Amino acid sequence: MVTPVVVEPSETGWRFGDPADWPADDLVGVGADLQPGTLLAAYRRGLFPMPVGRGRRRLLGWWSPDPRGVIPVDRLTVSRSLRAAPRRFEIRLDTAFDEVVARCGDPRRPHGWLSPEMAAAYRELHRLGWAHSVEAWTLDGRLAGGLYGVGIGGFFAGESMWHEPQPFGRDASKVALVALVGLLGADGDGVCRLLDIQWRTPHLASLGAVEIPRTLYLARLRDAMGGPPVEWTADAAARGV
């Protein structure tokens with residue numbers, strides 16, 4: 001299967017500065033825009049967007065947590081029940097990106113932060129070949145859960161994950177994460193991959209997430225982006241699961 005074409009967007013007019021000059025706080029700056037070139041420049045610098053404030057005072061913030069949460073692709077923690085869960089699902093890549101983003105951004109979800117403008121920006125990145133979804137479908141054809149994020153070379157920035165309520169959505173987002181880790185590790189030892197999860201939460205810690213200093217994260221980011229790109233195809237997904 002042919003790897004999807006990736007289109008480099010127009011260069012952004014914004015500059016994010018030298019990381020050595022960034023504040024120690026997780027929030028590095030406020031402003032700019034959500035154009036594809038701006039988003040890619042930010043991810044390449046180790047930043048990601050997330051709104052700051054509420055209502056009319058809501059602004060676009062650019063974040064670089066220190067320490068940064070990552071999941072080592074060779075140290076994912078898979079429980080006995082999770083090892084059995086993939087048998088209940090079919091993994092697909094990029095077949096329902098818009099729906100996954102919509103479900104992740106559902107304002108009824110606790111702590112929802114994905115604005116319509118941000119959802120539209122990620123849909124455009126997907127159209128250009130930079131944003132991807134990993135989806136868990138039930139064997140009778142229902143979308144049960146998934147995740148989406150931004151991929152650059154061997155780097156993947158996980159943005160959000162979601163699953164339908166039990167019973168049919170049980171473990172669906174975790175199965176999608178297991179499939180993503182398998183996809184990132186499909187090239188074997190010696191290939192630098194980086195799975196960014198922004199912050200290490202208790203839930204992600206149970207799956208093997210760790211924290212690393214910002215300086216180490218930025219070094220690993222450069223290595224991963226410069227390595228072989230992840231193969232975002234159904235064949236690669238099947239090999240990784």
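The values are calculated or read from the model by the stated rules, or taken from the named source; none is laboratory data. From a predicted model like this one, the values you see are computed outputs, not experimental measurements. Every residue, glycine as well, gets a Cβ built from its backbone with ideal geometry; the counts of neighbours run over all protein chains shown.
Some notes on this structure:
- Exclusive hit being outside any helix (DSSP H, G or I) and in contact (Cβ under 8 Å) with a residue 24 or more places away in the chain, set Thr95, Thr38: Thr95
- When residues of segment 1-24 are limited to those that are touching a Phe, Trp or Tyr at 6+ places or on another chain (Cβ under 7 Å) and under 15 Å from Val150 (Cα atoms), the one modelled with the highest pLDDT: Val6
- Scan of segment 108-125 for residues that are out of contact with any Leu (no Cβ under 9 Å at 6 or more places or on another chain) and either free of Cβ contacts under 8 Å to residues at least 24 places away in the same chain or buried (at least 19 other Cβ atoms within 10 Å of the Cβ) (or both), ordered by number: Arg108, Pro110, His111, Gly112, Leu114, Pro116, Ala119
- Helices (runs of 4 or more DSSP H) fully within segment 148-241 that include at least 3 residues being of a type in the set (A, V, I, L, M, F, W, C): 172-184, 214-225, 234-240.
- Scope segment 25-58; condition modelled with pLDDT under 95 and touching a helix residue (DSSP H, G or I) at 6+ places or on another chain (Cβ under 8 Å); matching residues: Pro51
- Test: Gly158 is closer than 25 Å to Leu39 by Cβ, buried (at least 20 other Cβ atoms within 10 Å of the Cβ) and touching an Asp or Glu at 6+ places or on another chain (Cβ under 7 Å): yes
Residues are listed down the side, and each one gets a yes or a no for (1) over 20 Å from Ser79 (Cβ atoms); (2) of a type in the set (Phe, Trp, Tyr):
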residue	(1), (2)
Gly169	no, no
Val175	no, no
Asp187	yes, no
Trp199	yes, yes
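- Here Ala84 passes the criteria (1) without any contact (Cβ under 8 Å) to a residue 12 or more places away in the chain; (2) in a loop (DSSP other than H, G, I, E, B) except the one numbered (2).
- Looking only at residues in segment 126-138 that are touching a Phe, Trp or Tyr at 6+ places or on another chain (Cβ under 7 Å) and free of Cβ contacts under 8 Å to residues at least 60 places away in the same chain, the one that is nearest to Ala157 (Cα to Cα) is Ala131.
- Residue list for segment 180-214, restricted to those being at pLDDT 95 or above, closer than 25 Å to Asp98 by Cβ and of a type outside the set (Val, Ile, Thr): Leu180, Leu195, Asp196, Gln198
- Residue match in segment 25-33 (condition: out of contact with any Gly (no Cβ under 6 Å at 6 or more places or on another chain), under 25 Å from Asp140 (Cβ atoms) and not charged (D, E, K, R)): no
- Test: residue in segment 193-212 that is within 20 Å of Leu93 (Cβ to Cβ) and either free of Cβ contacts under 8 Å to residues at least 12 places away in the same chain or polar (S, T, N, Q) (or both): no
- Flag if Arg92 is at negative phi and either surrounded by fewer than 16 Cβ atoms within 10 Å (Cβ to Cβ) or acidic (Asp, Glu) (or both): no
- For first residues located in segment 159-173 and in the same structural domain as Arg103 (by TED's automatic domain parsing), partners that are of a type in the set (Lys, Arg) and in a loop (DSSP other than H, G, I, E, B) and lie 6+ apart or on another chain with Cβ distances below 9 Å form the pairs Trp162/Arg109; His163/Arg170; Glu164/Arg142; Glu164/Arg170; Phe168/Arg142; Gly169/Arg142.
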